[in-house]
Structure formats: structure tokens, C-alpha cells
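A short write-up of the structure that comes next.
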Amino acid sequence: MTEEPILLAMADGVATITLNRPDKLNAFNDPMHVALRCALDTIAAAPEVRALVLTGAGRGFCAGQDLGATRGPGADLGESLERNYNVLIRRLRAMPLPLVVAVNGVAAGAGASLALAGDIVLAARSASFIQAFCRIGLMPDAGGTWVLPRLVGPARAAGLALLGDVLPAETAAAWGLIWRVVDDEQLPQEAAALGGRLASQPTRALAAIKQALQASWAHTLDQQLDLERDLQRDLGWTEDYREGVAAFRERRPARFQGR
Ligand code: T3D
């Protein structure tokens, strides 16, 4: 029986997507892209979902594009990016939910770019990141050339992309590429706990934070001040802001509803 390439679970406000082609280190083929888009559609239609966790099955997180029989000379890689990866990265970045990526093993090629599209990236201590593209005659894609210099600076971005060496998770954390490293056996629980914590927070505020932090990379201070003013104005009219202030005054924990 063929395994589903994407597993989706939803519970207690948290959706968990698991890339599920473990024998191929969860490399992407077209059916997996389609299934992932379907899972994201399901999540978008479920207002009770307030955080997303993305991880991989088996010993890898994702080895990027499947380099099997369907890939070779003559393939239009630009078309493949536009149809699959660019849609995916844009969608994850724009999603009004926090995305926790739990990198359970190697994240290579577009798999590394996918991991770095997370708002909070946790990695198992044994995981690693490889800008594997140059090893096969390609360049980083799926946002890799955008995110790398912003996270680790131009010198380290160039070293990683030009050499394609293995970057261990602990070095990735020390360089600011990811949020933090946890022991391998703790990763699922840590990711679930983080997802649960984010799902109980004021969702619209988190979406505004995500939007503003991303926009800041291309904005002047003046533009950013304007954006903060506009987003904060909207947040000031939310039920969650009312609840947050009431809870503060009443000296009790806030019960945010994501509205
Ligand atoms: O094409 C387009 O649409 C454009 C977009 C391109 C985006 C990209 O992502 S290009 C970059 C593609 N990815 C890579 O170049 C990485 C290829 N994989 C590796 O270099 C290595 O597998 C790793 C360094 C990631 C891990 O090495 P290791 O030694 O731990 O595992 P392994 O033995 O190489 O792999 C285990 C199995 O997974 C193996 O299958 P087998 O022999 O046991 O049946 C291997 O063939 C398979 N696998 C790993 N990566 C891929 C893959 N199969 C297909 N495609 C892969 N990308």
C-alpha cells in the first residue's frame, strides 16, 4: 500500500504536518507538493487552528527536490520552482499563524529553505543543514538566497552556499540560523509544547508580529513605524487585546480566543 506523502493531524488548536517519504529523506516529488497544498488548504479552512508545526518522518527532515527518474537534463527547473516551491514559501510566510519547524534530521537543498521558512525553527541535536545545491550544479532556491544572508550575514551565507558543507544543528543555532537545539528524543514533545503555547496566544497579534518582522527586512525605519502604527491600531480593536488588558487588571491569566 502506498503511504500518504503528507500526514496532517489537528488537535487543541495545533495542526501538525509531517513530510512522509522517509525512505527518500522526505524529498519532494509532485504528489507530495500537491498533498502539502491540500493540507494547507484544510488548515486555512479551520479557524480553530492557531499554530502549525512542520516536521519530517524518519531520520531526515527533507532532502529537497526528489532527484529520481523525473529529474534530469531538460527539466524546466524555473517552472518547477514557480509551480511548487515558490507558491509554498510565499504561502507559509504569509500564513497568519505561527509556523514552528521541527527539524528532526538532515535538511538539504530546498528542504533547508523550507525549514528556514519557519517562524521558530527547532532542531534535533543530530540534525544538520546542507545547502546541497552547488553539489549538483544548482544554486540555493525556495528563498534560500534571501533568507541565508539575513539570518547569518553575507560571509557565512556565501560560505554555506558556495561550499555546500554540512552545518550541524548546534552551529546553526550558534550562528542564529535557527531558534534552538534540543535533544533528539525531546524534539517531538518540545515542538508540540511550543505549538500549544503559540496556539493559546493572541493569534492576530502573532500574525501582525510575523508580518512586521518580515516587512522590516525591506523597510526604512519610517516605513516600519507607519506599519507598526497601522497594525497596532487593528490589534487595539481585537477581543484578545481587551481580554489581555482585563486579565492584567484582574491579576489572572489571559484567555485568548484568537479574535
Ligand atoms: O528540480 C527542481 O524542481 C528545482 C528545485 C530544486 C531544489 C532542490 O532541492 S535541489 C537539491 C536537491 N537535494 C539534494 O541535492 C540532496 C540530495 N541528497 C543528499 O545529498 C544526501 O541524501 C543527504 C546529504 C541529504 C543525506 O545523505 P545520507 O548519506 O544521510 O543519506 P543517503 O544514503 O544519501 O539517502 C538515503 C536515501 O534517500 C537514499 O535512497 P536509497 O539509496 O536508500 O534508496 C537516497 O537516494 C535518498 N535520497 C536522498 N536525497 C534524495 C533522495 N532521493 C531522491 N531525491 C533526493 N533529493
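Values computed for the structure shown
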quantity	calculated
The lone exception for A46 - which of (1) aliphatic (A, V, I, L, M); (2) crowded, with 16+ Cβ neighbours inside 10 Å; (3) within 16 Å of L97 (Cα to Cα) it fails	(2)
Lone qualifier among V53, V87, V101 - being assigned to a strand (DSSP E or B), among the β-branched types (V, I, T) and closer than 25 Å to A161 by Cβ	V101
Checklist (1) crowded, with 16+ Cβ neighbours inside 10 Å; (2) within 21 Å of L198 (Cβ to Cβ); (3) more than 16 Å from the ligand (Cβ to nearest atom) applied to A35, failing item	(2)
Residue check, G68 touching a residue at least 12 places away in the same chain (Cβ under 8 Å), within 9 Å of the ligand (Cβ to nearest atom), surrounded by fewer than 23 Cβ atoms within 10 Å (Cβ to Cβ) and part of a loop (DSSP other than H, G, I, E, B)	yes
Qualifying positions in segment 169-178 - open to solvent by 80 Å² or more (accessible area, probe 1.4 Å) and either among the hydrophobic types (A, V, I, L, M, F, W, C) or not assigned by TED's automatic domain parsing to the domain that holds G74 (or both)	A174
Selection count, segment 71-108, where residues are of a type in the set (S, T, N, Q) and away from the ligand (no atom under 12 Å from the Cβ)	1
Options V147, V166, V152, V181: the member that is under 19 Å from G111 (Cβ atoms) and either in contact with an Asp or Glu (Cβ under 8 Å, 6 or more places away or on another chain) or outside the structural domain of A132 (by TED's automatic domain parsing) (or both)	V181
Which listed residue is modelled with pLDDT of 95 or more, among the polar types (S, T, N, Q) and open to solvent by less than 10 Å² (accessible area, probe 1.4 Å), from S113, S128	S113
Selection within segment 39-65 - away from the ligand (no atom under 16 Å from the Cβ) and in contact with a Pro (Cβ under 7 Å, 6 or more places away or on another chain)	A51
Conditions (1) in contact with an Asp or Glu (Cβ under 8 Å, 6 or more places away or on another chain); (2) open to solvent by less than 80 Å² (accessible area, probe 1.4 Å); (3) more than 26 Å from I89 (Cβ to Cβ): number failed by R259	(2)
Some residue of segment 138-157 being in contact with a helix residue (DSSP H, G or I) (Cβ under 6 Å, 6 or more places away or on another chain), open to solvent by 50 Å² or more (accessible area, probe 1.4 Å) and under 27 Å from I209 (Cα atoms)	no
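The values are calculated or read from the model by the stated rules, or taken from the named source; none is laboratory data. What you see is a predicted model, and the numbers here were worked out from it, not measured in a lab. All Cβ positions, even for glycine, are placed from backbone atoms using ideal geometry, and neighbour counts span all protein chains on display. Just so you know, the surface numbers come from the protein's heavy atoms only, side chains and all, with ligands and any DNA or RNA stripped out. Shrake-Rupley method; radii C 1.70, N 1.55, O 1.52, S 1.80 Å.
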